[in-house]
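Let me begin by presenting the structure, written as structure tokens, before commenting on it.
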Amino acid sequence: MLHTLLPIASGSLVGFSLGLVGGGGSILAVPLLLYAVGVSSPHVAIGTSAVAVAASAAFNLFGHVREGSVKWPCAIVFAVAGIVGAAAGAQIGKLIDGHRLLLLFGALMIVIGAIMLRPRKSVHDANVKLTRETMAGLVPMLIGLGFLVGALSGLFGIGGGFLLFPD
């Protein structure tokens, strides 16, 4: 009975976190899969987390589409670069020992947490759009950040949400 309840409780906690703040599911999913659910391999936990977080993100996309809050041109450029980065990160992750990968994942979480504690330096323009006029400045940034977030997502089996929110 406990072996059934732990995955359900863990998945519910991850889903709640994703629904509440839009990110952080994988930060919870990988450790919960390893230490609460009992998955023995860090690589299996990372792969399982990636699938679970991707499915949750895809499901949550529909609400944002209905609200009209998706900037499709930016999203497409970012997503394509992220897919390429995720494929590269996943291949690199296979070459790294699972326990070392967990250590790197923990270090990344500490760095991101420290960044989030700093006060914001500026307020960004929420109305920015990818147009012919903004393309020269936005496309390289979208490609670079998309690839980086994708690479880290593929490497650690994370959704990337906690990488996107720190300012």
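In whole angstrom, and with the biggest value first, how far do the Cα coordinates of segment 61-116 range along each principal axis?
41, 27, 17
By how many nm would the segment from Val128 to Ala54 lengthen if fully extended, with 0.36 nm per residue of separation less the alpha-carbon distance?
Length gained, Val128 through Ala54: 24.0 nm.
Given a Förster distance of 45 angstrom, what is the FRET efficiency for Val44 paired with Ala136, based on the Cβ-Cβ distance and rounded to 0.05?
Taking R0 as 45 Å, the efficiency between Val44 and Ala136 is 0.55.
What are the principal axis extents of the Cα atoms in segment 122-165, in Å, biggest first?
36, 21, 14
Give me the percent relative contact order of the chain, please, defined on Cα pairs under 8 angstrom at least 6 residues apart.
Averaging sequence separation for qualifying contacts and normalising by length gives 35 percent for the chain.
Per residue of segment 30-47, what does 6.51 cos²θ - 1.76 cosθ + 1.60 with θ = phi - 60° give for ³J(HN,Hα)? Whole Hz please, x for Gly and Pro, Karplus curve as stated.
My calculation for segment 30-47 gives 4, x, 5, 4, 6, 9, 9, 7, x, 5, 7, 9, x, 5, 5, 4, 5, x Hz in order.
Return the sequence-ordered ³J(HN,Hα) values of segment 56-62 in whole Hz as given by the Karplus equation 6.51 cos²θ - 1.76 cosθ + 1.60 applied to θ = phi - 60°, using x for Gly and Pro.
These are the phi-based 3J(HN,Hα) values: 5, 5, 5, 5, 6, 4, 4 Hz.
May I ask for the Rg/Rh ratio of the chain, computed from Cα atoms with Rh as the Kirkwood radius, given to two decimals?
0.99
Suppose R0 equals 25 Å. What FRET efficiency, 1/(1 + (r/R0)^6) with r the Cβ-Cβ distance, do Asp97 and Ala36 give to the nearest 0.05?
Once rounded, the FRET efficiency stands at 0.65.
How would Asp125, Asp97 line up from fewest to most surrounding beta-carbon atoms within 10 angstrom?
If I rank by nearby Cβ atoms, fewest first, I get Asp125, Asp97.
At what distance in nm do the modelled label points of Leu164 and Ile112 sit from each other, each positioned 7 Å from its Cα along Cα→Cβ?
Placing both labels 7 Å beyond Cα along the Cβ direction yields 1.2 nm.
For segment 69-167, report the translational diffusion coefficient in µm²/s to the nearest whole number, using Stokes-Einstein at 10 °C, 1.306 mPa s, and a Kirkwood Rh over Cα pairs.
Estimated via Stokes-Einstein, D reaches 108 µm²/s.
For the chain, what does -39500 (n - 2.57) per DSSP helix run (n ≥ 4), summed and divided by total residues, give at 222 nm, in deg cm²/dmol to the nearest 500?
After summing the helix terms and dividing by the residues of the chain, the value is -25000 deg cm²/dmol.
Only Cα pairs within less than 10 Å get springs; with that Gaussian network setup on the chain, which residue of Ile46, Ile83, Ile27 has the largest fluctuation?
In the Gaussian network model the winner is Ile83.
Under a GNM of the chain (C-alpha, springs under 10 Å), which listed residue has the highest mean-square fluctuation: His64, His99, His43?
So, out of His64, His99, His43, the one fluctuating most is His64.
Return the sequence-ordered ³J(HN,Hα) values of segment 92-101 in whole Hz as given by the Karplus equation 6.51 cos²θ - 1.76 cosθ + 1.60 applied to θ = phi - 60°, using x for Gly and Pro.
Whole-Hz 3J(HN,Hα) from phi for segment 92-101: 5, x, 5, 8, 9, 3, x, 5, 5, 4.
For Lys71, Lys121, Lys129, what's the fewest-to-most ordering of other Cβ within 10 Å of each Cβ?
Going from sparsest to densest Cβ surroundings: Lys121, Lys129, Lys71.
FYI, it's all coordinate maths here, none of it is from the lab. What you see is a predicted model, and the numbers here were worked out from it, not measured in a lab. Here the Cβ is made from the backbone with ideal geometry for all residues, glycine too, and neighbour counts use every protein chain on show.
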